[in-house]
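The values are calculated or read from the model by the stated rules, or taken from the named source; none is laboratory data. Source: prediction; values computed, not measured. Ideal geometry is used to build each Cβ from the backbone, glycine not excepted, and the neighbour counts take in all protein chains shown. We work out accessible area using only protein heavy atoms, side chains counted, and drop any ligands, DNA or RNA first. Shrake-Rupley method; radii C 1.70, N 1.55, O 1.52, S 1.80 Å.
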Amino acid sequence: VQLQASGGGLVQTGDSLRLSCAASAGNISTYAIGWFRQAPGKDREFVGKINWGGSRTDYDDSVKGRFTISRDNSKNMVYLQMNSLKPEDTAVYYCAASEDWGLDYDYWGQGTEVTVSS
């Protein structure tokens, strides 16, 4: 499956943004999808994930209560709704597909940049 993240941009503290992860080839519905981010000068970190059917999600504590992952398998899309954004959320965001609930991520998309100004 080929993935592409989109929807990034420049926002202010407290704003909301929704990122999308589209599958341009393959069927996204058979994979768990994870979101990751990498801030300048830092390692890539886990943001959250959703199972293939959308019934289960998991989030890093840093985004819990502010970010929500959802999916629409009929559109081959996964979304990351980000609310109450903070400057520390500034990063390049990536989506990735896993066959095993995130033990390994087999396919990675191009990232989309999110900048949160203070």
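In order along the stretch 105-115, the Karplus-derived 3J(HN,Hα) couplings, from 6.51 cos²θ - 1.76 cosθ + 1.60 at θ = phi - 60°, round to 10, 8, 9, 10, x, 5, x, 10, 8, 10, 10 Hz, and Gly and Pro are given as x. Accessible surface for the chain, divided over its residues, is 52 Å² per residue with a 1.4 Å probe.
Counted by Cβ distance under 9 Å from Tyr31, the other residues give a net charge of -2, where Lys and Arg count +1 and Asp and Glu count -1.
Once the chain from Ser62 to Glu113 is taken as fully extended at 0.36 nm per residue, the excess over their C-alpha distance is 16.5 nm. The peptide list 29-38, 106-115, put in order of mean Cβ contacts within 10 Å with the highest first, becomes 29-38, 106-115. With a point put 7 Å past each Cα toward its Cβ, work out how far Glu88 is from Asp15 in nm, to one decimal. Simple spin-label model gives 2.1 nm for this pair. Beyond 21 Å, the tail of the calculated P(r) for the chain holds 29 percent of the Cα pairs. When the solvent-accessible area of the chain is split by element, carbon and sulfur atoms take up 43 percent of it, the probe being 1.4 Å. Since only Ala25, Val78, Ser98 are under comparison, the one whose Cα sits farthest along the positive direction of the charge dipole of the chain, derived from C-beta charges on Lys, Arg, Asp and Glu, is Val78.
Ranked by the mean number of other Cβ atoms within 10 Å of their residues, highest first, the peptides 66-78, 40-52 come out as 66-78, 40-52. Annotation for the stretch 1-23 versus the stretch 35-71: alpha-carbon center distance of 12 Å.
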